[in-house]
1. Give the stretch 87-122 a look and list any residue that's assigned to a loop (DSSP other than H, G, I, E, B) and at pLDDT 95 or above, or say none.
2. Applying the selection to the stretch 33-47, what residues are under 19 Å from V73 (Cβ atoms), part of a helix (DSSP H, G or I) and of a type in the set (G, A, S)?
3. Output the number of residues of the stretch 48-72 satisfying the condition of being part of a helix (DSSP H, G or I) and in contact (Cβ under 8 Å) with a residue 40 or more places away in the chain.
4. Take the conditions more than 19 Å from L28 (Cβ to Cβ) and among the hydrophobic types (A, V, I, L, M, F, W, C) and apply them to A112. Does it pass?
5. Could you check the stretch 79-93 and list, in sequence order, the residues that are exposed (fewer than 13 other Cβ atoms within 10 Å of the Cβ) and closer than 16 Å to E24 by Cα?
6. Would you pick out the residues in the stretch 46-72 that are basic (K, R) and closer than 14 Å to L31 by Cα?
Amino acid sequence: MAKETSRTDDRSGIERELKRGSLELIVLHLLAPGEAYGYEIVSKLTSRTNGALGVTDGTLYPVLYRLERAGFVVVRWETPERGVPRKYYRLTDAGRDELGRLTGEWNAFASAMAQLLAQKEL
């Protein structure tokens with residue numbers, strides 16, 4: 001027997017897919033003002049979106065690793081006098097270029113969606 005999904009499940013699926021598709025843009029945007037470590041990125045995202053776009057460490061770190069491998073971020077380790085070492089992430093010039101490219105794509109997509117949704121059905 002096929003499992004039935006509710007409208008709530010469908011919406012959370014759309015939300016999850018939109019978030020997954022925009023995480024690189026989100027992380028690059030949050031790193032644009034300066035370097036940050038993982039937990040700091042998670043905290044900024046949660047606070048700046050009132051929790052609407054919150055992510056877990058398990059979601060964030062694979063994105064950071066992909067951005068590092070692509071050359072969009074560089075990392076440095078810092079060990080505070082007290083506490084555990086922290087890995088700080090910073091945008092490279094290529095990362096800033098990618099942020100600009102992704103921002104343009106997002107704005108075009110958002111504009112097209114807004115235009116479509118503003119139209120009444122024919």
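1. Passing the criteria: only T92.
2. Hits for the stretch 33-47 are G38, S43.
3. Total meeting the criteria: 3.
4. For A112, the condition - more than 19 Å from L28 (Cβ to Cβ) and among the hydrophobic types (A, V, I, L, M, F, W, C) - is met.
5. Of everything in the stretch 79-93, just one residue is exposed (fewer than 13 other Cβ atoms within 10 Å of the Cβ) and closer than 16 Å to E24 by Cα, namely D93.
6. R48
The values are calculated or read from the model by the stated rules, or taken from the named source; none is laboratory data. Keep in mind the model is a prediction, meaning the values are calculated, not measured. When we count neighbours, we look across all protein chains shown, and the Cβ atoms used for this are built from the backbone with ideal geometry, even at glycine.
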